Amino acid sequence: MADTLEFNEIYQEVKGSMNDGRLRLSRQGVIFKNSKTGKVDNIQASELAEGVWRRVALGHGLKLLTKNGHVYKYDGFRESEFDKLSDFFKAHYCLELAEKDLCVKGWNWGTVRFGGQLLSFDIGEQPVFEIPLSNVSQCTTGKNEVTLEFHQNDDAEVSLMEVRFYVPPTQEDGMDPVEAFAQNVLSKADVIQATGDAICIFRELQCLTPRGRYDIRIYPTFLHLHGKTFDYKIPYTTVLRLFLLPHKDQRQMFFVISLDPPIKQGQTRYHFLILLFSKDEDISLTLNMNEEEVEKRFEGRLTKNMSGSLYEMVSRVMKALVNRKITVPGNFQGHSGAQCITCSYKASSGLLYPLERGFIYVHKPPVHIRFDEISFVNFARGTTTTRSFDFEIETKQGTQYTFSSIEREEYGKLFDFVNAKKLNIKNRGLKEGMKQSYDEYADSDEDQHDAYLERMKEEGKIREENANDSSDGSGEETDESFNPGEEDDDVAEEFDSNASASSSSGDGDSDRDKKPAKKAKIVKDRKPRKKQPESKKGKDPNAPKRPMSAYMLWLNASREKIKSDHPGISITDLSKKAGELWKAMSKEKKEEWDRKAEDARRDYEKAMKEYTKSDSHRGERSKKKKKKQEKLVKGKGDKKGATSKSSSSKSPAKGMSESFKSKEFVSSDESSSAESKKEDSEDEGAASPPPSSEDSASGSD
């Protein structure tokens, strides 16, 4: 026979809720580990008094009773496992695993029996239900009636609030049966009563969760938080872990107490009690016990008179009373030398501490994640800026925690820590220097597609193409507008039609020459937006289609076969199945599809060259049409300039004011119409080069 038995997905009944975990039976005893909290219950083999096998709602269950009266219930077994368990109990524990069925008659009267810490309501010899007295929070009596109130559990969807028992009066003299019933319950119930004096008191401690300042009274079995509005009594049995964490500013300390079940304030639950201390705050503490009691109770861990930093005294007293180790940060050091990382979780900023066996985040809301419950971690690109990144943790239960806004300088240290702890990294990349490693990891994050970034990149490429196409023409046009004497002197001729203008008016004319050039420049800046839909070659229906990858070629060829092998498969499941088949395919078969993809790529490049040649030919024809339009516009401008000169020469007797008026009239009406036509022609052909110097000379002639 095997020395150990292990069972997965076993449920332990604790205060009205079923906590799943793993149960292990060995020669030394029984061990159950809660998969949610990591809490371990260890029952020594010598302490076992009775084992009961019975049918329950979740299949079959095992009830273990110890010699000191404790009861442990485990559900989720299969009926076929009874023989294996029975033989194991006989061989290693020398116990007979008894089979007892619950009574299902539906009667509501019977006999109450108290056995250890268990209240059993029986009808005949069969139990109807059992109540662990450790779940009882209050017991009140009335006339022939006893009411039991229970501790509430947050994990249970439906909680039992109270049970009332009717106790019939008896004719016998002696103790009242109602009082006897209540005394049996209270002797084993978990009712916290502040009897006696506190061992010590810490005044006005700053508490972050629940927020406020509290006086902490330390009693032998529980912790009492007394505030201005709320009071909390925390039994030491509900304390899971203790943490002592240095603040990033090196002037403060966090003392964190993990609780299960949590303390409650209305509908709010606090799974962590977080105290904040200043390192400079000292205290002298005297315990309310004599030296012999202190020595006997704490065995040298505490003394009657102690002094030191306030956080050291609180943590030292709690460690001695709770009898649990205090977890401190390990050898991790961030970029700034601190043992934590500044980040944000949900809507609040806080500190993430990498520990030896997990991560803890303080303070709002506090989160503790053990390494053994982590499925994988992920380094993700920051959503708002490239100066930070996100650290994602996904547990085996599917819960995801995202710690965002971490400085990119922390990436190297955090990556080394996660790698040293052998955690699964979803997007592992090269790490050679801080800058290169960050870029590498940012590029490897292909799961999050940034549509806005892709669109901006596409627009940038279009602007570059337009700028390259029109770079030569735009340079010549700029020179022409600011150097009217070289080429295309049409606008200058119109404004210089008055030969007798003064130097000041000439200066004004030169300024007017420059103004149309500025307007043209503004229009050119807006051209890419107007031309953007036309310049996107991807939207041309005549353009060759991009070649498919090797995987897509294989998928198109294998899609019907996969559908026939899996009738009724959905599209998403088909994609998943295809990915699995492709991943499992041998290298030789993949090379065959790689060759087909390479052939398709060559065909695409050949077709693309032919397409670009034909497309450029069409572009040359459109450019010639635009040149003709520009020549027509310039010819009209020459005729108008000539008519204005002849009119001014025919009337030399007119005054300066009249000639100046006629000049304005010509420039405001006729030249503006010419300019508007010229601008329209430029808008139609933004990417086309300007006419050559020979063409412009012939046009002016």
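The values are calculated or read from the model by the stated rules, or taken from the named source; none is laboratory data. Keep in mind the model is a prediction, meaning the values are calculated, not measured. Because the Cβ atoms are built from the backbone with ideal geometry, glycine has one as well, and the counts that use them run over all protein chains shown. Remember, those area values only see protein heavy atoms, side chains included, never the ligands or the DNA or RNA. Shrake-Rupley method; radii C 1.70, N 1.55, O 1.52, S 1.80 Å.
For this structure, a couple of remarks:
- Per residue, the accessible area of the stretch 212-276 comes to 42 Å² when a 1.4 Å probe rolls over the protein heavy atoms.
- Stretchable slack from ILE571 to ASP280, in nm (0.36 nm times residue separation minus alpha-carbon distance): 98.3 nm
- The orientation-averaged shadow of the Cα convex hull for the stretch 341-421, equal to a quarter of the hull surface, comes to 4.9 nm².
- A 1.4 Å probe run over the stretch 1-116, with the rest of the protein chains in place, finds 57 Å² accessible per residue.
- Inter-part distance where the stretch 32-64 and the stretch 307-375 are each reduced to a Cα centre, Å: 32 Å
- Each residue of the stretch 86-91 was assigned a 3J(HN,Hα) from its phi angle through the Karplus expression (A = 6.51, B = -1.76, C = 1.60, θ = phi - 60°), giving 4, 5, 5, 5, 5, 6 Hz with x at Gly and Pro.
- Mean Cβ count within 10 Å, highest first, over the residues of peptides 72-82, 405-415: 405-415, 72-82
- The packing ranking, built from the mean of other Cβ atoms within 10 Å per residue, places the peptides 340-353, 599-612 in the order 340-353, 599-612, highest first.
- Here the stretch 40-107 carries DSSP beta bridges of which approximately 80% are antiparallel, counting only pairs with both residues inside.
- Measuring nothing but protein heavy atoms, the accessible surface of the stretch 111-187 at 1.4 Å probe radius is 48 percent carbon and sulfur.
- Of LYS33/LYS319; LYS545/LYS590; LYS36/LYS364; LYS426/LYS596; LYS67/LYS396; LYS545/LYS576, pairs whose Cα-Cα distance is over 29 Å: LYS426/LYS596; LYS67/LYS396
- Across the stretch 341-421, C-alpha contacts under 8 Å between residues 6 or more apart give a mean separation that, scaled by the residue count, equals a relative contact order of 23 percent.
- Packing order of peptides 102-110, 255-263, highest average first: 255-263, 102-110 (average count of other Cβ atoms within 10 Å over each peptide's residues).
- Kirkwood Rh in Å, taken over the stretch 111-187 so that all alpha-carbon pairs contribute: 13.5 Å
- Nitroxide proxy distance, nm - points 7 Å out along Cα→Cβ at GLU464 and LYS143: 9.4 nm
- Pairs of alpha carbons in the stretch 239-343 whose separation is greater than 20 Å (percent): 52 percent
- In this rough spin-label picture, where each label sits 7 Å from Cα along the Cβ direction, the ASN108-LYS36 distance is 3.1 nm.
- Taking amide H as placed 1.01 Å from N in the peptide plane, the amide H of HIS363 sits under 5 Å from that of LEU351, each at least 5 places away or on another chain.
- Contour excess over end-to-end distance, with Cα ends at LYS422 and GLN250 and 0.36 nm allotted per residue: 59.0 nm
- Here the spin labels are modelled as points 7 Å beyond Cα on the Cα-Cβ line, and at PHE376 and ARG203 they lie 5.6 nm apart.
- Gyration tensor verdict on the stretch 4-99 (Cα atoms; rounded if a/c is under 1.5, prolate if a/b is larger than b/c, oblate otherwise): rounded
- Reported to the nearest whole Å, the Cα centre-to-centre distance from the stretch 398-423 to the stretch 218-246 is 32.
- Gained length - GLU591 relative to ARG27, 0.36 nm times residue gap less alpha-carbon distance: 197.4 nm
- FRET efficiency for LYS561 and ARG601, using Cβ-Cβ distance with R0 set to 25 Å, rounded to 0.05: 0.50
- Interchain or long-range residues, amide H under 5 Å from LEU119's placed H: ILE131, LEU133
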